[in-house]
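Q: Sharing a structure here in structure tokens format.
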Amino acid sequence: MSVQKWLAAAGLTLSLVGLTACSGSGDGDAASSSSAVPPEDAASSSAPQEMPEAMPEPDLSGIPDPVATVNGEDVPKDDFAAYYESQFASAAGQAQMSGEEMDTEQLQADTLDTVVDSVLLRQAAEEAGLEPTDEEVDGLLEELATGNGLESVDEFLGVLEEQGMDEETARREARNQLAIQAYVEQEAEVEEPSEEELRDYYDELVGQQEEAADQGESGASGTAQPQPEIPEFDEVRDQLAQQLTSEQQAAATDELVADLREDAEITSHL
């Protein structure tokens, strides 16, 4: 399970950002699509217009409530549904592009694993006595508001309210996420990457880009697309360090979750 997944399962960083993105783009997308072809052009065209296939909707009718019990704590269906819906949309889009049938049973099982993992991490954070302050919660909400192009936390909370999440729930989920982050940082041994590791990583990325460029030139029937210029190592050193640290933290989180699962009592109701 990646860091992004357990953050999403914690409830706020990805799932709520997804809500605000949907609320901010709905009317604009409709307006742009309706004005893309002027009415007179559409009327004069004799060629039939192929309508895009509608995206399927997730079927949650057979999902039990609760979906699981973790160390005596029931996991509500709503917690599962919030993450499953976002994963379903992504998987449906990929299936539509590839033409392959989507495995909804596997998607549900993977979603449940992710949600259970987040519950285990939250429980462990609570047992460790990691309690974020109100100031830290406000800071996270402000960061999310700014990241979504909103001017204030109140505006961000207002958008969430429109999407069905009240302020109390939003703050609770923010607190849970911060507790999980603190627990992972406390328990996961992540060392700062060395200069040698950073340069090896940079060389690997450069090699991959050069290989992709060579393949593009050899396989192209016409003019090859120009490849972006590779920045110098010093220009991207900080980004490389951040990426390597994130990868190490993800691996460490996997180990933490595996240890927590060994000692946990988990019952799936799916």
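The values are calculated or read from the model by the stated rules, or taken from the named source; none is laboratory data. Predicted model, so just to flag it, every value in this text is computed and none were measured. Glycine also receives a Cβ, built like all others from the backbone with ideal geometry; neighbour counts cover every protein chain displayed. SASA here: full protein model, heavy atoms, side chains in, ligands and nucleic acids out. Shrake-Rupley method; radii C 1.70, N 1.55, O 1.52, S 1.80 Å.
Q: Output the number of residues of segment 154-172 satisfying the condition of being under 19 Å from the mean Cα position of the chain (by Cα) and part of a loop (DSSP other than H, G, I, E, B).
A: Number satisfying all stated conditions: 2.
Q: Check segment 177-190 and report whether any residue there is over 27 Å from L260 (Cβ atoms) and either open to solvent by less than 90 Å² (accessible area, probe 1.4 Å) or at pLDDT 90 or above (or both).
A: Checked against the condition, which is being over 27 Å from L260 (Cβ atoms) and either open to solvent by less than 90 Å² (accessible area, probe 1.4 Å) or at pLDDT 90 or above (or both), segment 177-190 yields no hits at all.
Q: Still on this structure, I have one more. Could you please give the count of residues in segment 57-75 that are touching a Pro at 6+ places or on another chain (Cβ under 6 Å) and open to solvent by less than 50 Å² (accessible area, probe 1.4 Å)?
A: Here the count works out to 2.
Q: Filter segment 191-207 down to the residues that are assigned to a loop (DSSP other than H, G, I, E, B) and either loosely packed, with under 14 Cβ neighbours inside 10 Å or among the charged types (D, E, K, R) (or both) and list them by number.
A: Hits for segment 191-207 are E191, E192, S194.
Q: Considering only residues that are of a type in the set (S, T, Y) and modelled with pLDDT of 90 or more, look in segment 85-113 and name the one that is surrounded by the fewest Cβ atoms within 10 Å (Cβ to Cβ). Steps first, please.
A: So in segment 85-113, the residues of a type in the set (S, T, Y) come out as 86, 90, 98, 104, 111.
Add one more test, that the residue is modelled with pLDDT of 90 or more, and what stays is 104, 111.
On the way: T104: 15, T111: 25.
That would be T104.
Q: Run down L140, L150, L130 and say which single residue is assigned to a helix (DSSP H, G or I) and of a type in the set (A, V, I, L, M, F, W, C).
A: Details: L150 fails: assigned to a helix (DSSP H, G or I); L130 fails: assigned to a helix (DSSP H, G or I).
So the residue among L140, L150, L130 that is assigned to a helix (DSSP H, G or I) and of a type in the set (A, V, I, L, M, F, W, C) is L140.
Q: Does any residue of segment 142-156 turn out to be of a type outside the set (F, W, Y), exposed (fewer than 13 other Cβ atoms within 10 Å of the Cβ) and touching a residue at least 60 places away in the same chain (Cβ under 8 Å)?
A: Yes, that holds for at least one residue.
Q: Let me ask something additional. Which of the residues spanning segment 54-112 are of a type outside the set (A, V, I, L, M, F, W, C), more than 18 Å from E173 (Cα to Cα) and in contact with a Ser or Thr (Cβ under 6 Å, 6 or more places away or on another chain)?
A: T69, Q87
Q: Quick one: how many residues across segment 234-263 are more than 30 Å from L112 (Cβ to Cβ), in contact (Cβ under 8 Å) with a residue 12 or more places away in the chain and open to solvent by 50 Å² or more (accessible area, probe 1.4 Å)?
A: Number satisfying all stated conditions: 1.
Q: Let me ask you something else. Within segment 157-176, restricting attention to residues that are of a type in the set (A, V, I, L, M) and open to solvent by less than 30 Å² (accessible area, probe 1.4 Å), which residue is farthest from P132 (Cα to Cα)? Break it down into steps so the answer makes sense when it comes.
A: Of the residues in segment 157-176, the ones of a type in the set (A, V, I, L, M) are 157, 159-160, 165, 170, 174.
Filter again for open to solvent by less than 30 Å² (accessible area, probe 1.4 Å), leaving 157, 159-160, 170, 174.
Working: L157: 19, V159: 24, L160: 21, A170: 14, A174: 9 Å.
Only one residue tops the list, namely V159.
Q: Right, next: In this structure, is G216 at pLDDT below 90 and not in a helix (DSSP H, G or I)? Spell out how you get there, then give the answer.
A: Values: at pLDDT below 90: yes; not in a helix (DSSP H, G or I): no.
No; evaluated as a whole, the condition is false for this residue.
Q: Moving on. Do you know which residues across segment 124-136 are open to solvent by 20 Å² or more (accessible area, probe 1.4 Å) and over 23 Å from G164 (Cα atoms)?
A: Passing the criteria: E126, E127, A128, G129, L130, E131, T133, E135, E136.
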